[in-house]
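Taking it in order: structure first as structure tokens, then the write-up.
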Amino acid sequence: MVREPLSIADRLRGERLGELLREARGSRSITDVALRAGISPETLRKIERGRIPTPAFFTVVAVAGVLDLSLDGLLAEVSPPETATDARGEGVADTPADGVRRAAG
């Protein structure tokens, strides 16, 4: 089975996800966060750098859990603006990472 190449939008979403995870990790070591999430440090490094633009769902769930991030907030931050809405149809994020903090807090 041949996998279809990723679109530019897919790659940009992967890069944004990596940025958000790196920002949330802060000063914590990549090794500590990765091992707590049950993945290798190299996998987390690749996700953070956008080299794995479409990581497995459960990998994202595990890393988000270690970093105390909301999956809804992450989705809002990596989705195009027209899909980043709450249940009332209003925008979720005011500035980058606000949606993640708001949903997690």
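Examine the range 64-83 for a residue that is over 14 Å from the mean Cα position of the chain (by Cα), more than 19 Å from residue 15 (Cβ to Cβ), assigned to a loop (DSSP other than H, G, I, E, B) and at pLDDT 95 or above, and state whether such a residue exists.
Scanning the range 64-83, I find no residue that is over 14 Å from the mean Cα position of the chain (by Cα), more than 19 Å from residue 15 (Cβ to Cβ), assigned to a loop (DSSP other than H, G, I, E, B) and at pLDDT 95 or above, so the answer is no.
Okay, residues lined up against (1) open to solvent by 80 Å² or more (accessible area, probe 1.4 Å); (2) at pLDDT below 95; (3) within 15 Å of residue 78 (Cα to Cα); (4) assigned to a helix (DSSP H, G or I):
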{"position": "6", "(1), (2), (3), (4)": "no, yes, no, no"}
{"position": "10", "(1), (2), (3), (4)": "no, yes, yes, yes"}
{"position": "22", "(1), (2), (3), (4)": "yes, no, yes, yes"}
{"position": "35", "(1), (2), (3), (4)": "yes, no, no, yes"}
{"position": "45", "(1), (2), (3), (4)": "no, no, no, yes"}
{"position": "54", "(1), (2), (3), (4)": "no, yes, yes, no"}
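Give me a count of the residues in the range 24-33 that are part of a helix (DSSP H, G or I) and of a type in the set (Gly, Ala, Ser).
Looking only at the range 24-33, we keep the residues that are part of a helix (DSSP H, G or I), and these are 24-25, 30-33.
Now restrict to residues that are of a type in the set (Gly, Ala, Ser): 24.
So the answer is 1.
Scan the range 18-40 and give yes if some residue there is touching a residue at least 40 places away in the same chain (Cβ under 8 Å), in contact with a helix residue (DSSP H, G or I) (Cβ under 6 Å, 6 or more places away or on another chain) and farther than 14 Å from residue 62 by Cα, otherwise no.
First pass over the range 18-40, keeping only residues touching a residue at least 40 places away in the same chain (Cβ under 8 Å): 20-21, 23-25.
Narrowing further to those that are in contact with a helix residue (DSSP H, G or I) (Cβ under 6 Å, 6 or more places away or on another chain): 20-21, 25.
With farther than 14 Å from residue 62 by Cα added as a condition, the list becomes 20.
Looking through the range 18-40, at least one residue is touching a residue at least 40 places away in the same chain (Cβ under 8 Å), in contact with a helix residue (DSSP H, G or I) (Cβ under 6 Å, 6 or more places away or on another chain) and farther than 14 Å from residue 62 by Cα.
The values are calculated or read from the model by the stated rules, or taken from the named source; none is laboratory data. If you're wondering where the values come from, they're calculated on a predicted model, not measured in any experiment. Every residue, glycine among them, receives a Cβ derived from its backbone with ideal geometry; neighbour counts consider all protein chains shown. Note: areas computed on protein heavy atoms with side chains; ligands, DNA, RNA excluded. Shrake-Rupley method; radii C 1.70, N 1.55, O 1.52, S 1.80 Å.
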